[in-house]
Amino acid sequence: MGRLRDDEIAMMKRTNPPIDSEIAWKQVAARDGSARFFYGVTTTGVFCRPSCASRRPLRANVRFFATVDEAKAAGFRPCLRCRPIASSSPLKLVREHIERNYERAIPLAELGRIAGLSPFTVQRLFKQTMGASPLEYQRSLRAGALRASLKRKVSVTDAFYEAGFGSSSRGYDGAALGMTPARFAQGGKGERIFFWAAASPFGWVIVGATERGLCWLALGGTKAEAEASLREEFPAAELKRDPGLAGWIEAAVEAVQKGTSHNQDQDGTKFLDLRGTVFQLRVWQALRQIPRGETRTYSELAREMGEPKATRAVARACAMNRVSVLVPCHRVVGKDGSLTGYRWGVERKRRLLEAEKAASSY
Ligand SMILES: [Zn+2]
């Protein structure tokens with residue numbers, strides 16, 4: 001069950017039409033209480049609901065936003081008078097209700113009662129804020145993309161980001177819900193993955209590659225441990241030893257020790273077969289942009305991605321990284337500079353960072 005059909009994906013792409021600024025400006029001028037967008041005033045750095053009682057700004061200083069998140073991402077802070085942020089709470093109730101009851105049919109009228117709004121308004125507000133209608137959201141829960149995350153007890157906001165939604169990822173709506181066809185499905189079922197393991201100064205390194213590129217690079221204390229990690233990740237894939245991959249291991253080790261830079265080539269992703277949700281891919285790409293010898297905190301990385309509220313989702317995407325070293329999740333550290341966790345051991349993380357620092361100081 002559960003795959004989105006093409007027409008459903010097309011429907012998702014049509015969410016959130018751009019705001020017509022002509023009409024929006026008239027609604028602001030009229031303090032229209034039914035208008036469901038926000039406007040920011042560039043001269044004050046504050047954003048408001050159209051109904052705000054504050055003095056009308058000059059048209060030239062106004063920017064419109066469909067959601068609170070967008071306004072905040074653009075650097076505006078909420079007005080203390082009209083409290084644009086408080087307006088999202090009925091939606092939160094609706095969202096949580098859907099999450100609790102996703103397995104049965106939920107009439108819009110029921111959601112309306114919960115929010116204290118008309119069914120039509122709930123539908124419109126939900127779609128505006130979430131980028132998906134209540135039904136689409138429910139369908140994604142049923143399809144499992146979000147549910148898997150929820151099962152791991154992460155917050156819904158994180159799960160939502162992980163599933164490919166996100167305030168500033170409008171352009172990616174079609175790929176929302178983690179339904180990208182490129183995703184590794186069911187433990188790599190139907191995939192043929194070639195692999196090789198070799199010892200290195202950082203412990204045993206194992207690489208795995210599909211025909212499209214490198215899909216796995218892990219570190220282990222022993223050869224058996226390294227190989228077990230691959231089987232765990234891709235239990236359903238056909239795995240074949242391939243000594244021809246030894247060169248990848250050398251290249252990865254060299255990249256760390258000598259600062260050779262194919263990792264940061266513009267085309268660097270071409271030799272990698274990275275698969276994940278749109279959000280995960282964005283995080284992994286952001287990791288690759290951290291210069292060697294430097295580190296970032298999760299919140300810094302989230303900010304650099306333009307997703308300042310997604311810190312925990314960013315951390316989770318880092319933890320899901322399958323190609324360590326080359327997608328340098330080891331360059332992310334705790335707020336106080338502590339090494340925090342690392343899928344392949346904190347001690348290895350320390351050694352990788354030390355080696356990179358030494359290499360980049362030449
Ligand atoms: Zn206001």
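All conditions in (1) at pLDDT below 90; (2) within 16 Å of the ligand (Cβ to nearest atom); (3) small (Gly, Ala, Ser) hold for Gly45, with the sole exception of (1). Does Pro90 count as open to solvent by 60 Å² or more (accessible area, probe 1.4 Å) and more than 16 Å from the ligand (Cβ to nearest atom)? For Pro90, the condition - open to solvent by 60 Å² or more (accessible area, probe 1.4 Å) and more than 16 Å from the ligand (Cβ to nearest atom) - is not met. Where helices (runs of 4 or more DSSP H) fall wholly inside the range 292-362, the ranges with 1 or more residues that are within 22 Å of the chain's Cα centre (by Cα) and at pLDDT 90 or above are 298-304, 311-319.
Residues that are in contact with a Leu (Cβ under 9 Å, 6 or more places away or on another chain) and in a loop (DSSP other than H, G, I, E, B) were ranked within the range 32-47; the one that is least open to solvent (accessible area, probe 1.4 Å) is Arg36. Among residues that are open to solvent by less than 70 Å² (accessible area, probe 1.4 Å), modelled with pLDDT under 90 and either more than 12 Å from the ligand (Cβ to nearest atom) or farther than 20 Å from Gly306 by Cβ (or both), Pro50 is included. Taken over the range 336-359, the criterion of being free of Cβ contacts under 8 Å to residues at least 24 places away in the same chain and at positive phi is satisfied by Thr340 alone. Residues that are within 14 Å of the ligand (Cβ to nearest atom), open to solvent by 40 Å² or more (accessible area, probe 1.4 Å), modelled with pLDDT of 85 or more and not in a helix (DSSP H, G or I): does the range 70-80 have at least one? Yes, the conditions are met somewhere in the range 70-80.
With respect to the conditions (1) open to solvent by less than 40 Å² (accessible area, probe 1.4 Å); (2) more than 16 Å from the ligand (Cβ to nearest atom); (3) not small (Gly, Ala, Ser), Pro84 falls short on a single one, namely (2).
The values are calculated or read from the model by the stated rules, or taken from the named source; none is laboratory data. Everything numeric in this text was worked out from a predicted model, so none of it was measured. Here the Cβ is made from the backbone with ideal geometry for all residues, glycine too, and neighbour counts use every protein chain on show. When the accessible area is computed, the model is the full protein with side chains, heavy atoms only, and any ligands, DNA or RNA have been set aside. Shrake-Rupley method; radii C 1.70, N 1.55, O 1.52, S 1.80 Å.
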